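Please read the structure below before turning to the comments.
The values are calculated or read from the model by the stated rules, or taken from the named source; none is laboratory data. In this text the structure is predicted, and so the values were computed from the model without any measurement. In this analysis, Cβ positions are derived from the backbone assuming ideal geometry, glycine residues included, and neighbour counts consider all displayed protein chains. Side chains are part of the model used for accessible areas, which takes the heavy atoms of the whole protein and leaves out ligands, DNA and RNA. Shrake-Rupley method; radii C 1.70, N 1.55, O 1.52, S 1.80 Å.
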Amino acid sequence: ERGQRGGDVKIWLMAYLLLAKVKNALGDWEGVKSILERVERMIRQANFTRAGVWLEADRALLEIEKGNIAVAANWVQMCGLDVDAEPTYALEYDYFILARMLLAQGCTEKAIHIASQLSRMAEAKERTGVMISNLSLLTAAYEAANNSKQAMRVLAKALSLAEPQGYIRTFVNEGIVVEHVLKKMHKVYLARHLNGNNHEWTFSLHYVDTLLAAFGNTQAVLESQTETVQNSQLRQQLPESLSEREYEVLQLIAAGQSNREIAQDLIVGVNTVKTHIKSIYAKLDVHSRTQALVRAQSLRLL
């Protein structure tokens, strides 16, 4: 409303796009559709070309959440950004979205490169909020690249900056991959505490618990807004359904357990667990734990 009264088209449009994200987080799909249609009309009337790129980015991100990864490649081609160029302050948000799209495509190294540059830019200007967002994205990129050690290091820095201000949604927005890293860090934190080891992490275990609870609440909202019929349709997208035991293994992977821990829980051998995981990868058409979690989330399997 303030953007509209003041005649600032950029603020007006960005506020509507943010409102659409809030509606999406609440599972209000019709509300999202209505807002995006309104934004599209506003962009045409204002002839604000760059805002059109933002709108299509948000639409693409919504499709990616549903498992439609192909839209990421389309956006990267139409956005007009140079993947290898140094991000500028004026195009900071655009490059943030570019990194997220590249990550969705599986271009993890390029996503890491851009997210790292954006993080350094924000740190140089002491823009803490932007830096936390960039570090959260960088965490997801490192984890997708199967570099859990670096993912935890980056997320630890973000958590230290975020806890005093009570940040929650910034981390939840990055989805199940960041949740997966948080679960690993929770286990490490507990192990170090029990062993009496001092460590460099300056955030509290209570904050990690708060974030993990927020991930759970978000999932509960989505489930309450999604009909059982829709879940069945999504599961039917699999060439072959997961067995009951494969579902158990998938859930334990999502809980951050290692192959050995899964074997102990299910009272089977480690090689049996590896066989189940290999079958899960084949059915989900993925090649790593992180990819399996992202794919499973898009299909509402978790």
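Take the residues in the stretch 121-137 that are among the hydroxyl-bearing types (Ser, Thr, Tyr) and open to solvent by 30 Å² or more (accessible area, probe 1.4 Å); name whichever of them is farthest from Asp94 (Cα to Cα).
Thr128
Is it the case, given these coordinates, that Lys23 is in contact (Cβ under 8 Å) with a residue 24 or more places away in the chain and either surrounded by fewer than 18 Cβ atoms within 10 Å (Cβ to Cβ) or not in a loop (DSSP other than H, G, I, E, B) (or both)?
Working: in contact (Cβ under 8 Å) with a residue 24 or more places away in the chain: no; either surrounded by fewer than 18 Cβ atoms within 10 Å (Cβ to Cβ) or not in a loop (DSSP other than H, G, I, E, B) (or both): yes.
In short, no.
How many residues are in a helix (DSSP H, G or I), farther than 19 Å from Leu293 by Cβ and of a type in the set (Gly, Ala, Ser) if we restrict to the stretch 59-110?
5
Got at least one residue in the stretch 117-133 being free of Cβ contacts under 8 Å to residues at least 60 places away in the same chain and among the acidic types (Asp, Glu)?
Among the residues of the stretch 117-133, at least one is free of Cβ contacts under 8 Å to residues at least 60 places away in the same chain and among the acidic types (Asp, Glu), which makes the answer yes.
Exactly one of these conditions fails for Val71: (1) β-branched (Val, Ile, Thr); (2) within 21 Å of Gln297 (Cβ to Cβ); (3) in contact (Cβ under 8 Å) with a residue 24 or more places away in the chain; (4) open to solvent by 20 Å² or more (accessible area, probe 1.4 Å). Give me its number.
The number of the failed condition is (3).
Would you please name the residue that is modelled with the highest pLDDT, looking only at residues in the stretch 172-198 that are open to solvent by 50 Å² or more (accessible area, probe 1.4 Å) and not in a helix (DSSP H, G or I)?
Only one residue tops the list, namely Asn173.
Can you find, within the stretch 282-294, the residue that is nearest to Gly256 (Cα to Cα) among those that are open to solvent by 60 Å² or more (accessible area, probe 1.4 Å) and either part of a loop (DSSP other than H, G, I, E, B) or of a type in the set (Lys, Arg) (or both)?
Across the stretch 282-294, the extreme among qualifying residues is His287.
Before we move on, is Ala140 crowded, with 22+ Cβ neighbours inside 10 Å, under 17 Å from the mean Cα position of the chain (by Cα) and at pLDDT 90 or above?
Judged against the criteria, Ala140 is a match.
Would you point out the residue of the stretch 26-67, among those that are under 19 Å from the mean Cα position of the chain (by Cα), without any contact (Cβ under 8 Å) to a residue 40 or more places away in the chain and open to solvent by 60 Å² or more (accessible area, probe 1.4 Å), that is farthest from Lys10 (Cα to Cα)?
Glu63
Can you say whether Leu266 is at pLDDT below 90, farther than 17 Å from Lys183 by Cα and within 24 Å of the chain's Cα centre (by Cα), as far as the supplied structure shows? So that I can check it myself, show each step before the final result.
Details: at pLDDT below 90: yes; farther than 17 Å from Lys183 by Cα: yes; within 24 Å of the chain's Cα centre (by Cα): no.
Taking the combined requirement at face value, the residue does not satisfy it.
Could you tell me which residue of the stretch 143-171 is most open to solvent (accessible area, probe 1.4 Å), considering only residues that are in contact (Cβ under 8 Å) with a residue 40 or more places away in the chain and not in a helix (DSSP H, G or I)?
Asn146
Output yes when any residue across the stretch 227-247 is of a type in the set (D, E, K, R), closer than 29 Å to Leu102 by Cβ, modelled with pLDDT of 85 or more and surrounded by fewer than 15 Cβ atoms within 10 Å (Cβ to Cβ), and no when none is.
No, every residue in the stretch 227-247 fails to be of a type in the set (D, E, K, R), closer than 29 Å to Leu102 by Cβ, modelled with pLDDT of 85 or more and surrounded by fewer than 15 Cβ atoms within 10 Å (Cβ to Cβ).
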